[in-house]
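Report on the following structure.
The values are calculated or read from the model by the stated rules, or taken from the named source; none is laboratory data. This structure is a prediction, so every number in the text was calculated from the model and none was measured. Because the Cβ atoms are built from the backbone with ideal geometry, glycine has one as well, and the counts that use them run over all protein chains shown.
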Amino acid sequence: MASAPSIYAADPAYPILAHTLLATPESKAVDTEKPVPEAAHNLDWNLKEDWDAGIQGTKAGIFRCGTTIGFSRLRARSKDNEDYIGQIPRHLLTSHLLGTAPSSEPSAFIIHPSNFDAFAPKTLLNALQSSSRQPGLSRDEAIQRLGSVQLLPVQNLPSAMQAITKVSELLQELQERRQAQQNTVETPNQPVILIVAGLDTLAEGVIRASNPVRGAALLAATLRALTRMSRVYASWLSIILVNISGLGPAHFENYQPPESTQTKRPSDEDTRPSGDDDIHSIFQTPGHSLLSTLLMKTLDQGIDTHILLSDVKAAQVAEVIKDRVGTGLGKWGIWSPKR
């Protein structure tokens, strides 16, 4: 009798350039040495300025190289569709592609479940062409930008881990080429974005097939690999995790942000109940934890800066619920899907 296939047996994801899946009809300077005044962070509460600035090669801002940035939605209140959670990460990606001169180097890698369409080539093409940047891109120009994006669709968590290993090898090759070029000419390293979507849902698949402990263990090993990559290539790699299934359960009141949050970042005392070290939202009724399962807690441990998307009245709000490497805790902004 044939034995059941092992969950560890999976073929590695084959990288696909995004522009090859579409039918055909100025360079960012990275300055890692420039200091960022502490006061600038303390006075800047509006997260909108950070997502408008995009991925930064310096220590300024929330979205910067050398960190693992996680995007999660609120399970109890957010709209239950994958594009909801993919909008801001896609905006960061398209802004990066628009702001980077076309070259033979890869500018982004996207690892995602094969049925997750928020980063599908047609979606990315539409995002590039509908950008508010002037002058706009033609279809051919947008396809040329997508030529530097590699898509790696995966089926399960072990295949996602293999895809991450593949990307790690490609990044190592890229670093060696850049180091060789810098021996002859001094050129700044362009940032590279690695987006990994759906690790939470892939881990849930392991849990259903086995148990929560194994699912959490495999997820933790995957997150450690990502953390190592973010530290090894800290000066030019930004890692973005897009979590699909959502945090919670959580319960919201009809809540209007206090007037004080309109002019300053809430302090730690404003955002967390006394004596509780868990992750909470400034828009959430105090006392309700967002990390209610072992899987959620394991996922959060691999994230440096955690962004929560939720609906407050009629507004879609993004807020920083965790920032262990910076001073962004409590920053928030209202996101408009029409950008």
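Some notes on this structure:
- Test: LEU170 is surrounded by 17 or more Cβ atoms within 10 Å (Cβ to Cβ), at negative phi and of a type in the set (A, V, I, L, M): no
- Filtered residues of the range 298-337 (kept if more than 20 Å from LEU199 (Cβ to Cβ), hydroxyl-bearing (Ser, Thr, Tyr) and outside any loop (DSSP other than H, G, I, E, B)): SER310
Listed here are the residues, each with its yes/no results for (1) modelled with pLDDT of 80 or more; (2) not β-branched (Val, Ile, Thr).
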site	(1), (2)
PHE252	no, yes
ARG265	no, yes
PRO273	no, yes
GLU319	yes, yes
LYS322	yes, yes
ILE334	yes, no
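- Spans of helices (runs of 4 or more DSSP H) in the range 24-110 with at least 2 residues under 21 Å from THR227 (Cβ atoms) and either touching a Lys or Arg at 6+ places or on another chain (Cβ under 9 Å) or at pLDDT below 80 (or both): none
- Within the range 123-140, considering residues that are of a type outside the set (S, T, N, Q) and over 24 Å from ASP83 (Cβ atoms), the one modelled with the lowest pLDDT: PRO135
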